[in-house]
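The values are calculated or read from the model by the stated rules, or taken from the named source; none is laboratory data. Note that the structure is predicted; figures quoted are calculated from it, not measured. Cβ: placed from backbone, ideal geometry, glycine included. Neighbour counts: every protein chain shown. We work out accessible area using only protein heavy atoms, side chains counted, and drop any ligands, DNA or RNA first. Shrake-Rupley method; radii C 1.70, N 1.55, O 1.52, S 1.80 Å.
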Amino acid sequence: GGIIPGAVRKGIDVSKWNGDIDWETVKNSDVDFAIIRCGFAGNYTKYDDPYWEENADECTRLGIPFGAYLYSYATTVSGARSEAEHALRLLEGYDLDYPIYLDLEDSSTLDADHTEIAKTFCSILESHGYEVGVYANMNWWNTYLTDPVFDSWDRWVARYNYECAYDGPYSMWQCTSTGKVAGIGG
């Protein structure tokens, strides 16, 4: 119910950490869309988000626009390829309204070539007809994800503040990690 100054639409980022969601209640709230974690890491079913299918099915059933993200642990191009295959496997049969985002923020990957990892993941998803993007916090955008190639994709910036002070272009701003939405307990 809170107003976010300058926001065009209000969305939520959900994953297994939110548990069972009452999507009918969410639909009747002020939420306009959802970005749902489909999984993390490489293409193994043990890395699927256990709520991905339920959340994506409910958004589809209720007509709630949604996109997806995959949390990356890739440190090599082959790891990025496996993560792209993971996303493709989970996205099959779903019609996304928003991009599939590669979530780059894990400190275990600081020494990786994030440019090549993102190029690999994004080009594979694009070749299958998906709109793609990259998610990171403002520090990562300013420190590690500075190559101009990142301007090729949708950019989602996490900046928990009353305003997004990121100077680069972006299409989505995650302003909080503590919002409360009717129908979501966690």
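For the reader, a short list of remarks on this structure follows.
- Sites Ser152 and Leu88 - FRET efficiency at Förster radius 25 Å, r taken between beta-carbons, to 0.05: 0.85
- Separation between Cα centres of the range 115-139 and the range 24-94, rounded to whole Å: 14 Å
- Net charge dipole size for the chain [Lys, Arg +1 and Asp, Glu -1 on Cβ; Debye, nearest 20]: 280 debye
- Solvent exposure of the chain as accessible area per residue, Å², 1.4 Å probe: 50 Å²
- Global geometry of the chain, whether rounded, prolate or oblate, following the gyration tensor of its Cα atoms and the 1.5 cut on a/c: oblate
- Prolate/oblate/rounded label for the range 69-169 (Cα gyration tensor, a/c 1.5): oblate
- Prolate/oblate/rounded label for the range 87-146 (Cα gyration tensor, a/c 1.5): prolate
- Local electrostatic count, Ile12, Cβ distance below 12 Å [Lys/Arg +1, Asp/Glu -1]: +2
- Rounded to the nearest 20 debye, the dipole size of the range 113-166 about its Cα centre is 140 debye, using +1 on the Cβ of Lys and Arg and -1 on the Cβ of Asp and Glu.
- The chain: relative contact order as a whole-number percent, Cα under 8 Å and 6+ apart: 21 percent
- Residues in the range 41-75 that a label on Lys16 would reach, taking backbone N under 12 Å of a point 7 Å out along Cα→Cβ: 41, 45-53
- Charge dipole of the range 65-186 about the Cα centre (unit charges at C-beta), most positive-ward option of Gly93, Phe150, Trp173: Trp173
- Fraction of accessible area attributable to carbon and sulfur, the range 1-126 (%, probe 1.4 Å): 46 percent
- Accessible area (Å², 1.4 Å probe, nearest 10) - Lys27: 100 Å²
- Spatially close Lys pairs in the chain, defined by Cα atoms under 21 Å apart and a spacing of eight or more places or different chains, total 6.
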